[in-house]
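Presented below is the structure to which this report refers.
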Ligand SMILES: [Zn+2]
């Protein structure tokens, strides 16, 4: 399965994949975001980091080619 990383600034919500399929927002990502946001994670970029590092949960998955799109803080992308 292929995956790609984009920065938070580049994240414009659901969009069209390069293959022509749709990038579908993952309910599990939404659930994790709410959980971390409510449980002492002080900023949204740290929430994004945890969802990637601890859960390895993509934010979007293409409904056609199964590309997994992970969204991480912009500073993490440059590493
Ligand atoms: Zn695709």
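We did not get these values from a lab; they are worked out from the coordinates using the rules stated. These numbers come from a predicted model, not from an experiment. Note: ideal-geometry Cβ built from the backbone for every residue, glycine included; neighbour counts use all protein chains shown.
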For the Cα atoms of the chain, what angle does the longest principal axis make with the long axis of helix 44-53, in degrees from 0 to 90, nearest 10?
60 degrees
Helix 27-38 versus the longest principal axis of the chain: what angle, 0 to 90°, nearest 10, using Cα atoms?
20 degrees
Helix-only [θ]222 nm of the chain, DSSP H runs n ≥ 4, -39500 (n - 2.57) each, per residue, nearest 500:
-9000 deg cm²/dmol
Please report, in Å, the Rg and the Dmax of region 1-45, where both are computed over Cα atoms only.
13.0, 39
So what is the relative contact order of the chain, in percent, for Cα pairs below 8 Å that sit 6 or more residues apart?
46 percent
Looking at the chain, what % of its DSSP beta bridges pair antiparallel, to the nearest 5?
55 percent
With each label point set 7 Å from Cα along the Cα-Cβ vector, what nm distance links residue 45 and residue 16?
3.2 nm
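Order of 70, 5 from fewest to most other C-beta atoms within 10 Å?
Result, fewest neighbours first: 5, 70.
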Listed with the fewest Cβ neighbours within 10 Å leading, 11, 63 appear as 63, 11
Volume per residue (Å³) of the convex hull spanned by the alpha carbons of the chain is 91 Å³
